[in-house]
Structures are given as structure tokens and as C-alpha cells.
């Protein structure tokens, strides 16, 4: 891919994620863009067994951008890091498509695991600033993790979690409706796909969508 085609593609990606961009040439100044160009080269060397050369490329990129991506990490399409400073992605991390990270995010290990030591992140995931996702956990498609959270267990698809340890605050259902939870795990409100409130403070046993959310949803607070 030529530089101009690459810039066009990256500009469209950034424009969807960062409204502050005003021209295609600004893409060249984004730390994530420099880090990802280096990672693509480093990953090729890593897969070919040229480990020193791969690490050399990644460490040079880290010193220039403040983003440290191990050359062994697998990263999908349309990956974006906003700001970027302090992001760390470990060797066995596996990141899906259309994932967005903010500054200070760590996809790291616990020091207790061998082999697969780092997180697997699904498609369409957003992880906000200063969050640590540690160990070989799985973050489901469409999950959102709030800022300054610590995640050390699997997160279900289409859930929003916050805190340390994390707790579920919202779950999106297949029909587009959403369930919001209180701190104690009880349901705060249910909204339909248009954002209109269906129920508020409803007892789970009498809930109008109990057949959709299931036992796992109603016990979300206690499980987290």
C-alpha cells in the first residue's frame, strides 16, 4: 500500500475516533500511527524468528512514542490508540478488529502464568484511560471498560464495567435494549433500542424482559 493510500485509510479511521483531527497530514503526527507502523515491521520479524531485530524496532518505537507494543502481540484491523502515552501491550496479547485504547492502558500479565500470559480482546472493544487488564483473560466483543479499572477475569460481550475490581454497570441485549445496574447489582433502569425508559428500579422477578436477560444477567452484581 502506498503512503497516500495508507494515509487516506488511517485518516478515515482517526476521523471516526478523534474529532480534533483536521487534515490527513496530521495522521503522521499521531503517536499510535508511528507505533503501529513499527509494530507491523517488528511483528513480521518476530514471526520469522528474528527476535532481536523485532525487539530493536519495537523498543525504538517505544522511546519515540511512549507506546510499548511487544512484537509478538497480534493486533486486528482498525486499531486506534487515543493520545497513547503509557500504553503497554504484552507478547501474547491478541486484539480483535475495531478496538480503541486510551492512554495508560496496560494489556499485561500477572507474573503467574506461562504460555498465554496476556489478554485476548474481542472486536469493537473500548478500554478507557489508565486501565489494567491482566492475565490470559478474555474481553468479549463490544465490551467497554471504564477508566482506572483493574480487570483480572473474563468480561462478557456487550457489557460495560468499571472499578477495581470491576463490576457490571450496563449490559446491551441483542435487540438493542440496555440494562443499567446499581452498585449493589440490582437493576436501575431498562431502556429500549430507542433510548426510552421501559422500567426503572424494577424487581428482577417481575421484570418485563426477564426472559431476555436470564439468570446470568440478574446475578451480575453478585458475580462481579
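The values are calculated or read from the model by the stated rules, or taken from the named source; none is laboratory data. Being a predicted model, the structure only gives us computed values, none of them experimental. Here Cβ is always computed from backbone atoms with ideal geometry, including for glycine, and neighbour counts include all displayed protein chains.
Applying the condition of being surrounded by 15 or more Cβ atoms within 10 Å (Cβ to Cβ) and out of contact with any helix residue (DSSP H, G or I) (no Cβ under 7 Å at 6 or more places or on another chain) to segment 44-58 and asking which residue is farthest from residue 102 (Cα to Cα) yields 50.
I'd like the residue in segment 176-197 that is touching a strand residue (DSSP E or B) at 6+ places or on another chain (Cβ under 9 Å) and on the phi > 0 side of the Ramachandran plot and, out of all such residues, is surrounded by the most Cβ atoms within 10 Å (Cβ to Cβ). It would help to see each step written out before you state the result.
Let us first name the residues in segment 176-197 that are touching a strand residue (DSSP E or B) at 6+ places or on another chain (Cβ under 9 Å), namely 177-183, 185, 187-193, 195, 197.
Those left that are additionally on the phi > 0 side of the Ramachandran plot: 185, 195.
Working: 185: 16, 195: 9.
So the residue we want is 185.
Test residue 136 against the stated conditions and say whether it is closer than 23 Å to residue 160 by Cβ and either more than 12 Å from the chain's Cα centre (by Cα) or surrounded by fewer than 18 Cβ atoms within 10 Å (Cβ to Cβ) (or both). Break it down stepwise before answering.
Values: closer than 23 Å to residue 160 by Cβ: yes; either more than 12 Å from the chain's Cα centre (by Cα) or surrounded by fewer than 18 Cβ atoms within 10 Å (Cβ to Cβ) (or both): yes.
Answer is yes for this residue.
From the list 102, 52, 80, which one is at pLDDT 95 or above and more than 22 Å from residue 130 (Cβ to Cβ)?
Numbers: 102 fails: more than 22 Å from residue 130 (Cβ to Cβ); 80 fails: more than 22 Å from residue 130 (Cβ to Cβ).
Answer to the check: 52.
How about segment 82-99: which of its residues are farther than 20 Å from residue 55 by Cβ, under 11 Å from the mean Cα position of the chain (by Cα) and assigned to a strand (DSSP E or B)? Correct list: empty.
Counting only residues that are free of Cβ contacts under 8 Å to residues at least 40 places away in the same chain and not in a loop (DSSP other than H, G, I, E, B), segment 29-81 holds 33 of them.
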